[in-house]
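Shown next, in C-alpha cells, is the structure this report addresses.
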Amino acid sequence: MRYNDRRHWLENIQTTLGSNVIQALEYSRYENRLVHERTTSTERREFVYDELNRLRDTIDFPPGGGTGAGTPYRYDVEPTLLISTIFCPEVAGGQPPFCIRIWTRTQRQSLI
C-alpha cells in the first residue's frame, strides 16, 4: 500500500492471500483530489464528475485500450421528503393509550 503523505490519499493497494497477489489497485486523481482512474491488471475505470463534484459516470476500459462501457449515475433535483404520521392504537382493558410516530421517506422519481 502506498499513501501520499503530502496529499493524504491512497495511491495504490495490493492484497495478498499467502504469497499470491489477489488484488492490485492503482489510483490517479484530479487536482481537486477526486479519483480520476482506478487501474487493475484486467481493466481501467475512469471516473467522471459533474459541476458539483458528484460522480456522474464510470467508464470501464478493457486491458490494452479499446472502447469503454459506461455506467451513469444521476441525482434528483429536489431533496428527499420525510413524512411523519402519528398512530395511536386503542388499548383494551383500561390501559393508558400509547402513540407511535412513523417516518416515511418519499422521493421524487427522477426524470433524468
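The values are calculated or read from the model by the stated rules, or taken from the named source; none is laboratory data. Quick caveat, the model's predicted, so the values are computed rather than measured. Cβ atoms come from the backbone with ideal geometry, glycine included; neighbour counts cover every protein chain shown.
Remarks
- Residue in the range 51-69 that is touching a residue at least 24 places away in the same chain (Cβ under 8 Å) and among the basic types (Lys, Arg) present: no
- In the set (1) in contact with a strand residue (DSSP E or B) (Cβ under 9 Å, 6 or more places away or on another chain); (2) exposed (fewer than 14 other Cβ atoms within 10 Å of the Cβ), GLU46 fails one condition alone, (2).
- Every residue from the range 2-33 that is on the phi > 0 side of the Ramachandran plot and free of Cβ contacts under 8 Å to residues at least 24 places away in the same chain: HIS8, GLY18
- Count of the range 1-50 residues, restricted to those that are under 17 Å from the mean Cα position of the chain (by Cα) and not in a strand (DSSP E or B), is 3.
- Residue within the range 56-77 that is of a type in the set (Ser, Thr, Tyr) and either modelled with pLDDT of 90 or more or under 26 Å from ASN4 (Cα atoms) (or both) present: yes
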